[in-house]
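Structure first, commentary second.
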Amino acid sequence: MEQKICPYPGLRPFTEEESIFFKGRDLHVLQIIKQLEEKKVLMLTGASGDGKSSLVYAGVIPNARAGFFKAKHNNWKIADFRPERSPLHNLTTAICMHLDLDYEHAYGELQQGFSALVDLYKSTDYYLDKTSEKWENAKPEARKKMQQKASNLFILADQFEEFFTNTENFSNSRPSLEAYTTVNLLLETARIAKDHELPIYVVCTMRSDYISQSVSFKGLPEAIGYSQFFVPRLKRNELQQVIEEPAILSGGKISKRLSEILINELREGFDQLPVLQHTLNRLWKEAENGNQEMDLIHLAKIAGLPTKYLTGDDKDNFDNWFEKLSESEKKYYQSPSLTNVLNTHANLLYDQSFSYFINEVDWAEKQIEKEDAELILKAVFQSLTKIDGGRAVRNRMSLREITNIINKEHISIDVVCGVLNIFRLPDSTFIHPFIEENILSSKYLAPDTVLDITHEALIRNWKKLEIWDEEERDNLNSLDEFSIQLNRWIKNDRSREYLLAIGTLSHFKGWFDSCLPNEYWIVKYDDSSKSYEKKLEIGEKLVSDSNVFLIESQKRIAYLERRKKRARRWLGLAASLIIVILLGFTYSAMQAKNYLEQQKELIEKEKDNAEAQRNIALEANEKTEEQRLIAEAKAREAWLLKLEADSAKSDAIKSSE
C-alpha cells in the first residue's frame with residue numbers, strides 16, 4: 001500500500017517544510033510581507049489557536065525564501081527562538097547558530113542591549129556594506145562572492161507571551177533584567193533597521209490577551225500600536241481550502257459531505273484551527289493513511305459524529321467495528337462531536353500508556369504498577385500546566401523537575417520518560433519534544449530536557465486534564481490559605497496561640513496528606529524574581545515549617561484535649577456529688593410529701609366521717625320531731641276525746657236532773 005505523507009500536522013504548528021500544505025492564508029501572508037517591507041517590524045497577535053506560528057513558519061518565511069519579498073538580498077538567515085525561561089540565552093543561541101558567531105562573545109555583547117544585535121550582524125560576512133573600504137578595494141570576483149553570501153536577517157520571537165507567563169521573566173508585574181534587555185534589543189534592532197534601511201526584520205507572535213501587560217516594557221506598547229497585525233478568523237471558503245486542498249496535494253481525497261460537516265460543526269471561540277487540524281490528522285490515519293477517501297464513517301470511528309448520520313453499508317460497517325471495541329473504549333463514543341475527537345484520542349492514549357511502557361520501552365526498569373503509570377501521567381500533565389489568574393495555561397518544565405514533584409523512590413527519570421512517551425509519538429504529538437520516526441535516539445530524554453504541551457487546546461478539550469487542573473486549582477488555593485496561617489504563626493514568634501484549631505487542622509492535614517506538597521511543586525508557583533536555587537531553598541523551608549506547624553498544632557490540640565478530659569472528669573465527680581445531694585433532698589422531700597398526703601387523706605376521711613355523723617344526727621332529729629308531732633297529735637286527739645266524753649257526761653247529768 002502506498003505510503004502518503006500526512007498533510008495535516010495535528011495540534012503542532014506547520015513547519016517550513018510543510019508550507020505546501022498550508023492553505024487558506026494567502027491574502028494574510030501578502031499583507032504581512034507588505035507591512036514588514038515597510039516597517040521592518042511586525043507584532044503578530046491573535047487569540048490562542050488562531051495559527052500565528054504556522055502563519056509565520058509555513059507562510060511568511062517560505063514566501064520570503066521564494067522571492068516574494070522585496071529585500072536587498074536573495075538569501076535569508078532565519079534566527080527563530082522562544083523566550084522560555086532564558087530569553088537572552090535563547091536569542092543568543094539562535095543568532096550564533098545562523099550568523100556563525102562565538103556564543104560567549106555574542107552573549108557578552110547582547111547583554112549591553114540597544115544596538116548590540118545590529119553590531120553583531122554587521123560584524124559578519126552576511127552583511128554587505130557597499131560604502132566600506134572592503135567593498136571598494138575588492139576585485140570583481142571577490143565582490144561576487146560577497147554578494148552571494150550576503151543575507152537578510154529575519155528574527156522571529158515566537159510565543160512572545162512567554163515574557164509574561166514565565167516567572168523567571170516577569171514577576172510582581174515587573175520584568176527581569178534579562179527579559180527587559182531582550183525586548184530592548186528586539187525593539188532597538190527594528191528601529192535601527194528602519195532608520196538605516198538595513199535588511200533586518202523582526203517578527204513577534206503573541207497572544208492578544210497579553211497585550212495589556214506590555215506596558216511593563218518601555219517602548220513595547222508603542223511598538224505594538226505601530227506594527228500590530230491581528231490574525232483574522234478564516235472565512236468559510238478559506239476553511240474549505242484548509243480541509244480539502246492538502247488532501248489532494250498529498251494524493252488523498254475527502255468527501256464533500258464530510259468537508260461540509262466539519263465546517264458546520266466548528267465552534268466559535270478558541271481552538272477552531274487546532275481542533276480542526278487534529279481531527280483531519282486523525283481522519284487521515286483512520287482512512288488508512290489517505291488510501292481511502294475520508295468520509296463520514298471515519299469521523300464516526302474517531303468519536304466525532306453520531307451514527308444517525310450513517311446509512312446503509314457505512315452503518316453496518318461501523319456497528320461491526322464498534323462491537324469489537326472494549327467496554328472502556330465504547331464509553332468514549334457516548335457523546336460524539338468534533339471537540340470530542342481530541343478528548344477521545346487523549347483518553348485512549350492514557351488507557352494504553354501502561355501497556356505501551358511494558359511492551360515498547362526497553363531501557364527502563366519495569367517495577368511499577370498500572371496505578372503508578374496513571375500517577376505519573378497525572379503528575380506530568382499537572383506539571384505542564386499551571387493556574388495563572390484562575391485559568392490553566394501551559395507551563396514548561398524539565399523531566400527532572402517533574403520527577404522531583406512525583407517524589408517516589410521507585411519512580412525514576414527513565415520510568416517517567418518511558419510512560420509519557422506515548423504522548424510524544426508521531427501519531428500523537430501532544431507533548432514536545434516529539435519522537436521522530438525512525439530516529440531511535442529521539443525516544444530518550446535527558447533529565448534536563450524541557451517538556452511542553454503542544455497546544456493549550458489540549459488543556460481546554462481533554463476532560464480528564466480539566467479535572468486534574470481543577471484539583472490543582474484547589475491545591476493552590478489550599479496552599480495560599482495554609483501559608484497565611486503559617487506566616488501568622490511564624491511572625492508571632494511561633495506562639496502556641498496561633499496554632500491551628502481542631503477543625504482547621506483537620507482540613508489542612510487532610511489536604512497536606514493528599515497533595516503531599518514538596519519544594520519542587522511549591523517553586524512552580526513562586527512568582528518572585530529570585531533564582532531557582534533560592535526558590536528551592538525557600539520551598540524546602542516552607543515544607544519544613546509546615547510539618548512543624550502541623551505537628552505543633554496536633555500537640556497543642558492533644559494537650560487541650562487532655563485538659564478537657566481532666567476537666568470533664570472533675571466535672572463528672574462534682575456532678576455526681578451534686579446528684580447525690582439532690583437525690584437526698586429529693587428523697588426527704590418525697591417523704592414529707594407522702595406524709596402530707598397521708599395527713600391530708602386522714603383529714604379528708606375525718607371530714608367525711610363528720611359529715612356522715614352530722615347526716616345521721618340530722619336524720620335522728622328529723623325522726624324525733626316527727627314522733628313529737630305524732631305524740632302531740634295523739635295528745636290533742638285524746639284531749640278532744642276527753643272533751644267529748646266530758647261533754648257527753650255533762651249532758652247526761654243535766655238530763656237526769
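The values are calculated or read from the model by the stated rules, or taken from the named source; none is laboratory data. The structure displayed is predicted, hence computed values, not measured ones. Positions of Cβ are backbone-derived with ideal geometry, glycine not excepted, and every protein chain shown enters the neighbour counts. SASA here: full protein model, heavy atoms, side chains in, ligands and nucleic acids out. Shrake-Rupley method; radii C 1.70, N 1.55, O 1.52, S 1.80 Å.
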**OP:** Out of Asn166, Asn172, report the one residue that is within 27 Å of the chain's Cα centre (by Cα), open to solvent by 90 Å² or more (accessible area, probe 1.4 Å) and of a type outside the set (Asp, Glu).
**Re:** Asn172
Subject >> Search result, residues across the stretch 309-325 that are open to solvent by less than 50 Å² (accessible area, probe 1.4 Å) and assigned to a loop (DSSP other than H, G, I, E, B) >> reply: Leu310, Leu325
Subject >> Tally of residues being of a type outside the set (S, T, N, Q), touching a residue at least 12 places away in the same chain (Cβ under 8 Å) and in a helix (DSSP H, G or I) across the stretch 411-442 >> reply: 10
Original post:
How many residues are touching a Gly at 6+ places or on another chain (Cβ under 8 Å) and surrounded by fewer than 19 Cβ atoms within 10 Å (Cβ to Cβ) if we restrict to the stretch 337-359?
Top reply: 1
Original post:
Is it the case that some residue within the stretch 14-30 is touching a Cys at 6+ places or on another chain (Cβ under 9 Å), of a type in the set (Ser, Thr, Tyr), farther than 25 Å from Val393 by Cβ and in contact (Cβ under 8 Å) with a residue 12 or more places away in the chain?
Top reply: no
**OP:** Take the stretch 1-51 and flag every residue that is closer than 19 Å to Trp76 by Cα and among the hydroxyl-bearing types (Ser, Thr, Tyr).
**Re:** Thr15, Ser19
**OP:** Please go through the stretch 344-361 and pick out each residue that is within 23 Å of the chain's Cα centre (by Cα) and in contact (Cβ under 8 Å) with a residue 40 or more places away in the chain.
**Re:** Thr344, His345, Ala346, Asn347, Leu349, Tyr350, Ser353
**OP:** Determine the pairs where a residue that is of a type outside the set (Ser, Thr, Tyr), located within the stretch 246-258, has a partner that is surrounded by fewer than 13 Cβ atoms within 10 Å (Cβ to Cβ) and in a helix (DSSP H, G or I) with Cβ atoms under 9 Å apart, the partner being 6 or more residues away or on another chain.
**Re:** Ile254/Ile248
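Only helices (runs of 4 or more DSSP H) wholly contained in the stretch 11-83 count here; list those with 2 or more residues that are open to solvent by 50 Å² or more (accessible area, probe 1.4 Å). Give the steps one after another, and end with the answer.
Values: elements: 26-39, 52-55, 61-65.
So the answer is 26-39.
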Original post:
If you go through the stretch 463-479 one residue at a time, do you hit one that is part of a helix (DSSP H, G or I), free of Cβ contacts under 8 Å to residues at least 24 places away in the same chain and polar (S, T, N, Q)?
Top reply: yes
Original post:
Among the candidates Arg394, Arg400, which residue alone is at pLDDT below 95 and open to solvent by 40 Å² or more (accessible area, probe 1.4 Å)?
Top reply: Arg394
Original post:
Does Ser54 meet the test of being in contact with a Pro (Cβ under 8 Å, 6 or more places away or on another chain), of a type in the set (Gly, Ala, Ser) and at pLDDT 95 or above?
Top reply: yes
